[in-house]
Amino acid sequence: MTNKRFHLVSLGCAKNTVDSESMAQLLQREGYAPSLVADSAEVLIVNTCGFIGPAKEESYQALSDLAANKRSDQWLIAAGCLSQRYGAEVIERVPGVDALLGTRRWMDVLQLIDKLRRRTSPEPLYHLPDEAITVGTDEHDVLRISKQGYSAYLKIADGCRRPCAFCAIPLIKGTLVSRPMHSILAEARALQAAGVREINLIAQDITDWGHELGVKDGLATLLEALVHEAPQVDWIRILYNFPGSVTDRQIETMAAHKQLIPYLDMPLQHAHPATLKRMRRPANMDWVHRTLAKMRSNLPGLALRSTFIVGYPGETEEEFQTLMDFIEEIRFDRVGVFTFSFEPGTSSEPLGDPVPEEVKEERKGRLMELQQRISLENNQALVGQTIDVLIEGTGEVEGSDEPIAVGRSYRDAPEIDGLVFVEGGAPVGEIIPVRITGAMPYDLSGVVETSRNVITLEGLEIRD
Ligand code: SF4
């Protein structure tokens, strides 16, 4: 009697989370039940990340832990980016793995399990086709979303055609493949019908959506269609904008629709033109300054997020100081900092990894310290202001039975940004105006705004 249960561990980015949930949909449709406990499942799957050093090690650890406790009537599948990028090396590192499933063919998970069932020798199976990635609902009629409570990720494309020297994504996922607009709109309608209040649009490079479909100003075109098709979804957030590709029409479209919240995530990676050129990244810092200024003047309450790499080959103290000065000048609301990870196979490989680890860590520390001060000052400037907050949980203040709620404002993307603590509590799933009473480096606290005719931070009026 087969025990049709699966245990799936999802690692890496939100795009991988969506792939994991799509695999789970296929398995459940085939009668497999999800199991939170590996021991009671027949099929063990780790949807791995193969992007940079620490993430790869986390994936190997997850595989090793499952392999160490695996019974003879269980199968361990290493799915995702680590398998796609390293193939047999994964099995050399973790001999208990029974099969590899590449990130480009996550939708073949059932066929692979079938092959494992009919397998006559203990030899591991390899399913690593490297044809272009397929991201669409089209092929398997599964939703390309990941929903947590009243918030959801919606994947609009995958793969990337950019030449960034440090990045392995194009090696792993292949070039850009945009999902058809009709599929994306159908899922936005489905999420609206499911009562979702926030949709986070994701891709490797969201600003490139529609490029290979020949859609002019693709993202702006898609956003206009989305607000038309899902008018009840309160917040539509745009993550992973590529510098140099945020157009005037995108800014105008965001300014015209309050659903398109004033939040911009644009990974810049550095600010010194020489470093950016070595990274093979857009190095036109005038464009960056002009575009950020344009967005700040057209989008009241704009929250800016960016990501930076320190310790890239050849980074001098002078180049790093340019980055520090840039951070001080722009005063981002949210900043992610990574140390350079040497990635064989990328076009930065010939540059090696000359910046010592301790120098990388020291620079990361200085940059984080600077940003923490800026983030606290930005948060302190919000005290007394009213801001909309999506309530995601409730509880009590430690040591008292005073109710408290926790949520995120439009300034906080899920999992990567801050939280807002609402004294007195509030209903989960509601978006409520909160008057900010306290500021911490990354989080805020406040109370439910009861007075009326108040203008919220993002310029919305609270009426009776
Ligand atoms: S745009 Fe992003 S995903 Fe694409 S190559 Fe550059 S860093 Fe990698």
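Does ARG249 count as out of contact with any Pro (no Cβ under 6 Å at 6 or more places or on another chain), at pLDDT 95 or above, in a helix (DSSP H, G or I) and within 16 Å of the ligand (Cβ to nearest atom)?
Here the answer is no, as ARG249 does not meet what is asked.
Given the criteria of a type outside the set (Gly, Ala, Ser) and under 26 Å from THR291 (Cβ atoms), does TYR240 qualify? Criteria met by TYR240.
Consider region 268-301. How many of its residues are more than 12 Å from VAL246 (Cβ to Cβ) and in a loop (DSSP other than H, G, I, E, B)?
First, the residues of region 268-301 that are more than 12 Å from VAL246 (Cβ to Cβ): 269-281, 283-286, 289, 293, 296-297, 300-301.
With in a loop (DSSP other than H, G, I, E, B) added as a condition, the list becomes 270-272, 280-281, 283-284, 300-301.
The total comes to 9.
Against the conditions (1) out of contact with any Lys or Arg (no Cβ under 8 Å at 6 or more places or on another chain); (2) at negative phi, GLY244 satisfies every one except (2).
For region 417-428, what are the residues that are assigned to a loop (DSSP other than H, G, I, E, B) and open to solvent by 10 Å² or more (accessible area, probe 1.4 Å)?
ASP417, LEU419, GLY424, GLY425, ALA426, PRO427, VAL428
Of all the numbered requirements in (1) over 24 Å from ALA165 (Cα atoms); (2) within 16 Å of the ligand (Cβ to nearest atom); (3) at pLDDT below 95, VAL215 misses one, and that requirement is (2).
Are any residues in region 218-238 within 16 Å of the ligand (Cβ to nearest atom), of a type in the set (A, V, I, L, M) and assigned to a helix (DSSP H, G or I), and if so, which ones? Steps first, please.
Going through region 218-238, the residues within 16 Å of the ligand (Cβ to nearest atom) turn out to be 218-219, 238.
Okay, now just the ones that are also of a type in the set (A, V, I, L, M), so 219, 238.
Once the filter is applied, which keeps residues that are within 16 Å of the ligand (Cβ to nearest atom), of a type in the set (A, V, I, L, M) and assigned to a helix (DSSP H, G or I), region 218-238 yields only LEU219.
Screening region 329-416 for strands (runs of 3 or more DSSP E) wholly inside it with 2 or more residues that are under 21 Å from THR307 (Cα atoms) and at pLDDT 95 or above returns the ranges 334-339, 403-409. Restricting attention to region 97-121, the residues that are crowded, with 19+ Cβ neighbours inside 10 Å and outside any helix (DSSP H, G or I) add up to 6. Of all the listed residues (GLN192, GLN204), the sole one being open to solvent by 10 Å² or more (accessible area, probe 1.4 Å), within 16 Å of the ligand (Cβ to nearest atom), in the same structural domain as LEU276 (by TED's automatic domain parsing) and touching a residue at least 24 places away in the same chain (Cβ under 8 Å) is GLN204. Restricting GLY210, GLY159, GLY149, GLY174 to those that are at pLDDT 95 or above and not hydrophobic (A, V, I, L, M, F, W, C) reduces the list to GLY210. Restricting attention to region 198-216, does a residue exist that is of a type in the set (A, V, I, L, M), more than 24 Å from GLY80 (Cα to Cα) and in contact with a His (Cβ under 7 Å, 6 or more places away or on another chain)? No. What is the residue count in region 348-382 for residues that are touching a Lys or Arg at 6+ places or on another chain (Cβ under 9 Å) and under 19 Å from PRO267 (Cα atoms)? Of the residues in that region, 4 qualify. The set of residues in region 252-287 that are free of Cβ contacts under 8 Å to residues at least 12 places away in the same chain and within 16 Å of the ligand (Cβ to nearest atom) comprises LEU276, LYS277, ALA283. Among the residues of region 143-188, those identified as away from the ligand (no atom under 16 Å from the Cβ), open to solvent by 30 Å² or more (accessible area, probe 1.4 Å), within 18 Å of the chain's Cα centre (by Cα) and not hydrophobic (A, V, I, L, M, F, W, C) are LYS147, GLN148, GLY149, TYR150.
When the residues of region 310-323 are filtered to those that are out of contact with any helix residue (DSSP H, G or I) (no Cβ under 6 Å at 6 or more places or on another chain) and not in a loop (DSSP other than H, G, I, E, B), the one that is farthest from VAL288 (Cα to Cα) is GLU317.
The values are calculated or read from the model by the stated rules, or taken from the named source; none is laboratory data. These numbers come from a predicted model, not from an experiment. Note that each Cβ is placed from the backbone with ideal geometry, even for glycine, and that neighbours are counted across all protein chains shown. Each accessible area value is taken on the protein alone, full model and side chains, heavy atoms only, with ligands, DNA and RNA left out. Shrake-Rupley method; radii C 1.70, N 1.55, O 1.52, S 1.80 Å.
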